[in-house]
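To start, the structure under review is shown below, and the notes come after it.
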Amino acid sequence: MPDRKGSNANEDQRAGAHSGVTLPRYAAPAGLASRITHALDEEHARVAEPPSISVTPTGPSRTPRFAPTWVWPRAALFLVCVATAASLGYWRGADGAHSDDPLVASHVRALVGDHLVDVASSDQHTVKPWLDARLDYAPPVADFAPDSVPLTGGRIEFVAGRRVAVLVYRLRLHVISVYVAPTGALPASLGRGAESLGYRVTRWTDGAMEHVAISDVNAADLARVASLMQARAAMH
Amino acid sequence: MISTDPPFADRFLPHLDAAYNLARHLARDDALAEDIVQDAFLRALRHQRTFNGVNARAWLLTIVRRTFYTQWQQAQGEATHESFDDDLHGTARREDGPDAELDRTLARERIETALATLPAPYREVLVLREIEELSYDEIAGVIEAPLGTVMSRLSRARQRLQRALMAQDPEAPHA
């Protein structure tokens with residue numbers, strides 16, 4: 001928004017007269033707009049129909065009533081292009097690894113909805129029995145509050161046709177969802193992308209259990225959380 | 001980028017700078033401000049039906065502000081709340097070298113530092129009024145307080161800012 005900055009500077013000057021000082025304006029950092037657009041896309045794709053559907057009808061309606069003959073081949077070509085674009089878009093949307101890893105989608109859904117945790121507790125001895133009672137396996141649960149990654153609770157998600165435990169941690173203001181399932185239960189394609197729609201994803205296995213951690217923290221922080229959990233698993 | 005709901009993005013993304021500016025002043029931290037703004041946009045999208053269609057910027061700023069307070073309370077836990085009382089403003093002194101020129105950058109830093117010492121309720125009215133130039137009515141809407149409160153708080157905030165600036169450097173004129 002370079003245009004706005006110039007006029008804002010002028011407004012600052014005028015506004016400064018109020019208190020005799022010009023208050024500093026912070027401009028949004030460069031990548032923020034696109035990160036937000038991605039996040040909005042994700043949310044929008046969740047609630048609305050696929051965008052490709054609305055594209056097709058605009059083609060023929062633009063054609064003049066008494067169109068010269070050369071218009072028709074072009075219109076046909078245009079329709080072919082639209083159809084191709086629509087089908088490509090649809091196909092891309094269906095490509096799990098690329099734009100909507102179901103695990104990332106489920107993390108985002110939990111974030112923007114009111115369903116971050118089913119059981120809210122920082123006590124691993126509360127969360128673990130709660131999860132165990134609702135699953136056919138017993139995921140390891142640990143709190144890392146001393147390492148400033150406190151456990152905030154757990155929830156159950158339905159992923160790839162089965163119930164999966166999700167441990168929810170907080171790091172500063174970021175939420176980290178860690179999906180824990182028996183090794184082999186999650187399709188290999190899930191949680192593979194290092195990054196999807198601004199969220200970072202890391203997947204590891206500690207033998208019996210497979211973990212996928214998803215968050216918008218930076219890569220180093222997410223790696224640290226993963227290694228904390230791996231270290232804890234190695235102790236048992 | 002293309003598939004985002006055009007009315008929503010067209011309406012609110014132009015106010016990204018305003019949103020970030022308020023968040024940054026409230027949070028006093030770059031990364032935190034980004035988190036707040038991103039979160040606020042998602043909330044705005046979810047609740048866009050409650051938007052009355054009149055003032056997109058003020059509505060977005062209301063959400064930014066609420067997001068800040070929600071996240072802030074979560075981060076602080078319930079125990080510590082930055083108390084909003086008259087004795088709070090410290091006199092944080094900048095480490096100026098003896099030869100420091102008061103050029104534009106320094107002046108800006110000086111004001112930033114002074115502003116950051118004010119409690120959040122003062123910072124937000126100053127930012128909304130003097131940078132975003134919202135009307136008193138709009139500010140009342142954003143901070144969800146009566147008009148009288150806006151005016152008295154704004155006037156106290158200005159005095160407080162002046163005092164903070166003077167405490168930093170009694171010699172310099174507050175330009």
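Values in this text are rule-based calculations from the coordinates and carry no lab data. What you see is a predicted model; the values in this text were computed from it and never measured. A quick note on method: Cβ atoms are made from the backbone with ideal geometry, for glycine too, and the neighbour counts reach across all protein chains shown.
Can you order the peptides B:146-156, A:173-183 by their average number of other Cβ atoms within 10 Å per residue, highest first?
My ranking of the peptides, most packed first, is A:173-183, B:146-156.
For B:Ala56, what is the net charge nearby, where nearby means another residue's Cβ is under 10 Å from its Cβ and Lys, Arg count +1, Asp, Glu -1?
Taking every Cβ under 10 Å from that of B:Ala56, the sum is +1.
For region A:155-172, take each phi angle, set θ = phi - 60°, evaluate the Karplus expression 6.51 cos²θ - 1.76 cosθ + 1.60, and give the result in whole Hz per residue in order, putting x for glycine and proline.
8, 10, 10, 9, 10, 6, x, 8, 7, 10, 6, 10, 8, 10, 10, 10, 10, 6
Rounded, prolate or oblate: which fits region B:98-170 when a ≥ b ≥ c are the square roots of the eigenvalues of the alpha-carbon gyration tensor, with rounded for a/c under 1.5 and prolate only if a/b beats b/c?
Prolate, since a/c reaches 1.5 and a/b exceeds b/c.
Sort region A:164-236 into rounded, prolate or oblate with this rule: let a ≥ b ≥ c be the square roots of the eigenvalues of the Cα gyration tensor; rounded if a/c is under 1.5, and if a/c is not under 1.5, prolate when a/b is larger than b/c, oblate otherwise.
oblate
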